Amino acid sequence: MKFARNAIIIALVLVIIIVGLLVKTFYDAGEFKSIKAHFSGDCTSVTGVLSSEDITIHPQTGMAFISSADRRAQWGNQQQVQQGAIYGFDLHAKNPKLVSLTAAFTKEFNPHGIGLWISQDGICSLFVVNHRHDGQFVEIFDYRGNQLIHRESISGELMHSPNDVIPVGKRSFYVTNDHGNRSAFGRMVEEYFQMARSSVLYYDGKGFRKVAQRLAYANGINVSHDGKLLYVAETVGHKVDVYDRHKPTGTLAWWFSIELGTGPDNIEIDEKGNLWIGCHPKLLTFVKYSKDPRKLSPSQVLRLSVKQDNHYSVEEIYLNNGQPLSGSSVAAVFKDTLLIGSVFDHRFLVCRLR
């Protein structure tokens, strides 16, 4: 009788622990949040892309570069995956049209995060994370004559799970590894148990080295206009980390983190140095949406405004319940125009800020 009673008590304790862990997981993922859609402006949808996971805009010309890939087929390991592309969308044009800038690129192309490098003499290059069957690469393109001319493919053993890239030189860049584990099961455990196993790598033109680690799903990455600060979005960690960057060596020193209470994805920076971030307020809902397009995921845009004392105020600029765009991953600003992209939707939003 005593053994049976102890067994029942142990079973009840285990049930309570499991239920508690499940509730914590749902709470941390934002599943209990109330979504009240709002935006002080007007938006129109632009179709014609396979997705628009990352967008970056040339600050002088207004040319938006859009990373488009058949991401749901790619994530689902389907046999047939459509060739991806980088599209151009000229915001200075009266009626902008989507133009494929990588039509001449014949290698397998599944673009993910992108980053723009503009040299002192005005030469523009686009760095692109590319998931290929023969490995993980950062492709470097030079932008000439309204086309992206492929220059180089860079890979390395340390870069096993690249997500986003930000160039800091003609051949040098930072790239995020969004997982530490290499197996599918290990990555799933890493995500659901909120394990900080991801990292940031620096490529100095010769080789990779790890410059930041113990991050909970390192995702978007960017640098300040003066190159002294580097920003990294931790999606599962619900924050943006700010690092001091030693420009001659690329070494990073963690300075502080900005808590967001949501899952940040890509980071773009406007002309004033403010950070614009596409976010996933309900991470488990986003996971469902990644597998089934009918299960919509909310879209959210935050602006982190720089203060004089190097502090940042956080403002929610845009929020919806999954319509007209689901699973927002990036928000890029040029003058009074805001572009919002999605990980999976075959469209992106062009919004006018008031």
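The values are calculated or read from the model by the stated rules, or taken from the named source; none is laboratory data. What you see is a predicted model; the values in this text were computed from it and never measured. Every residue, glycine as well, gets a Cβ built from its backbone with ideal geometry; the counts of neighbours run over all protein chains shown.
In region 67-87, of all residues being in contact with a Ser or Thr (Cβ under 8 Å, 6 or more places away or on another chain), outside any helix (DSSP H, G or I) and not hydroxyl-bearing (Ser, Thr, Tyr), the one that is modelled with the lowest pLDDT corresponds to Asp70. Criterion applied to Ser125, Ser119, Ser153 was being hydroxyl-bearing (Ser, Thr, Tyr), under 23 Å from Leu230 (Cα atoms) and touching an Asp or Glu at 6+ places or on another chain (Cβ under 7 Å), and the one residue passing it is Ser125. In region 57-73 there is at least one residue that is over 27 Å from Ile317 (Cβ atoms) and not basic (Lys, Arg). Screening the candidates Arg245, Arg294 for the property of being of a type in the set (D, E, K, R), more than 17 Å from the chain's Cα centre (by Cα) and crowded, with 16+ Cβ neighbours inside 10 Å yields one hit, Arg245.
Yes or no, residue by residue, for (1) touching a helix residue (DSSP H, G or I) at 6+ places or on another chain (Cβ under 9 Å); (2) more than 18 Å from Met195 (Cβ to Cβ):
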| residue | (1), (2) |
| --- | --- |
| Val232 | no, no |
| Val236 | yes, no |
| Arg245 | no, yes |
| Gly263 | yes, no |
| Glu268 | no, yes |
| His280 | yes, yes |
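Name the residues in region 51-66 that are farther than 18 Å from Asp336 by Cβ and in a loop (DSSP other than H, G, I, E, B), would you? Passing the criteria: Ser51, Ser52, Glu53. The residue of region 84-99 that is surrounded by the fewest Cβ atoms within 10 Å (Cβ to Cβ), among those that are under 18 Å from Asn163 (Cα atoms) and out of contact with any Asp or Glu (no Cβ under 7 Å at 6 or more places or on another chain), is Ala85.
You will find that of Ile10, Ile35, Ile18, Ile114, the residue that is among the aliphatic types (A, V, I, L, M) and at pLDDT 95 or above is Ile114 and no other.
Can you tell me which residue within region 256-273, out of those that are free of Cβ contacts under 8 Å to residues at least 40 places away in the same chain and touching a strand residue (DSSP E or B) at 6+ places or on another chain (Cβ under 6 Å), is surrounded by the fewest Cβ atoms within 10 Å (Cβ to Cβ)? Checking each candidate, the answer is Glu259. Would you call Val128 part of a loop (DSSP other than H, G, I, E, B) and buried (at least 19 other Cβ atoms within 10 Å of the Cβ)? Taking the combined requirement at face value, the residue does not satisfy it.
When Tyr231, Tyr217 are checked against the criterion of being touching a Ser or Thr at 6+ places or on another chain (Cβ under 6 Å) and of a type outside the set (S, T, N, Q), Tyr217 stands alone in meeting it. Within region 28-48, residues that are in a strand (DSSP E or B) sit with their Cβ atoms under 7 Å from residues that are modelled with pLDDT of 95 or more and not hydrophobic (A, V, I, L, M, F, W, C), at 6+ positions apart or across chains, in these pairs: Phe39/Tyr318; Gly41/Arg352; Asp42/Arg352; Ser45/Pro324; Ser45/Arg347; Val46/Arg347; Thr47/His346; Thr47/Arg347. Take the conditions (1) over 21 Å from the mean Cα position of the chain (by Cα); (2) of a type in the set (Val, Ile, Thr); (3) surrounded by 17 or more Cβ atoms within 10 Å (Cβ to Cβ); Ile57 misses just one of them, which is (1).
Scanning region 150-187 for residues that are in a loop (DSSP other than H, G, I, E, B), more than 15 Å from Leu116 (Cα to Cα) and among the small types (Gly, Ala, Ser) yields Ser155, Gly156, Ser161, Gly180, Ser183. Identification of strands (runs of 3 or more DSSP E) wholly contained in region 188-242 with 1 or more residues that are more than 21 Å from Ser313 (Cα to Cα) and either touching a residue at least 60 places away in the same chain (Cβ under 8 Å) or touching a Cys at 6+ places or on another chain (Cβ under 8 Å) (or both) yields 198-203. Of all the residues in region 139-191, those that are surrounded by fewer than 19 Cβ atoms within 10 Å (Cβ to Cβ), closer than 18 Å to Leu215 by Cα, of a type in the set (D, E, K, R) and at pLDDT 95 or above number 0.
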